[in-house]
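Chemist: There's a structure below that I have some questions on.
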């Protein structure tokens, strides 16, 4: 899947951000999320052996878009892509990651929290700039940045929930990233709660 195809599939969608310490538990969480209707996953490299989970999910969830998150080096980007990652996300501007993704034709999203950082992220190779941490910025920032730089698409991650997801998209968000809202306190023993959270946020988005 090339970067343009990934971008088209992510537009207007929720990307579930997966962290944790247990690979098997993370896999079950991912499966529940996809089965609940959220089919874009960002597997962060804060999870031990994240690349193995990416490879497993690509094989077991062919309908999903599986990307790598918290990618801070070119080596991590290479590892993610070699294991099948459809996209690469970083919480900040890492120029070597952006350059690698651009060279390989991989969708890339580098983090930013100010207009200057957003422009640097775009120049470094971001197809969509990750607005992070979302809870620390205003929705008005998207409109503020897009007024002089309409060519920059943005994806807030953090601070998005069922009460404001529609407002984020109305403010111009290209997509949104959800982490703790979905997975906080979730384990293999309460996946039904996760399913309910997924259904709630999807319902809020469709209203």
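Computed from the coordinates by the stated procedures, all read-outs in this text should not be read as laboratory data. None of these values were measured; they are calculated from a predicted model. Note that we place each Cβ from the backbone using ideal geometry, even for glycine, and neighbour counts take in every protein chain shown.
Chemist: If I ask for residues that are outside any loop (DSSP other than H, G, I, E, B), in contact with a strand residue (DSSP E or B) (Cβ under 7 Å, 6 or more places away or on another chain) and closer than 19 Å to residue 42 by Cβ, which ones from segment 142-182 would you list?
Modeler: Residues satisfying the conditions are 154, 155, 156, 157, 165, 168, 176, 177, 178, 182.
Chemist: Now, a different point. Quick one: how many residues across segment 123-141 are closer than 16 Å to residue 175 by Cα and not in a loop (DSSP other than H, G, I, E, B)?
Modeler: Counting residues in segment 123-141 that are closer than 16 Å to residue 175 by Cα and not in a loop (DSSP other than H, G, I, E, B) gives 7.
Chemist: Here's a follow-up. Just a yes or no: is a residue in segment 22-34 assigned to a loop (DSSP other than H, G, I, E, B) and either farther than 21 Å from residue 199 by Cα or touching a strand residue (DSSP E or B) at 6+ places or on another chain (Cβ under 9 Å) (or both)? Step through it out loud before you land on a result.
Modeler: First, the residues of segment 22-34 that are assigned to a loop (DSSP other than H, G, I, E, B): 22.
Restricting the remaining residues to those that are either farther than 21 Å from residue 199 by Cα or touching a strand residue (DSSP E or B) at 6+ places or on another chain (Cβ under 9 Å) (or both) gives 22.
Yes, segment 22-34 has at least one match.
Chemist: If you don't mind, another one. Return the residues of segment 154-192 that are surrounded by 13 or more Cβ atoms within 10 Å (Cβ to Cβ) and on the phi > 0 side of the Ramachandran plot; say none if nothing qualifies.
Modeler: Correct list: 158, 159, 172.
Chemist: Tell me, yes or no, whether segment 193-204 has at least one residue that is out of contact with any strand residue (DSSP E or B) (no Cβ under 9 Å at 6 or more places or on another chain) and at positive phi.
Modeler: No, that holds for no residue.
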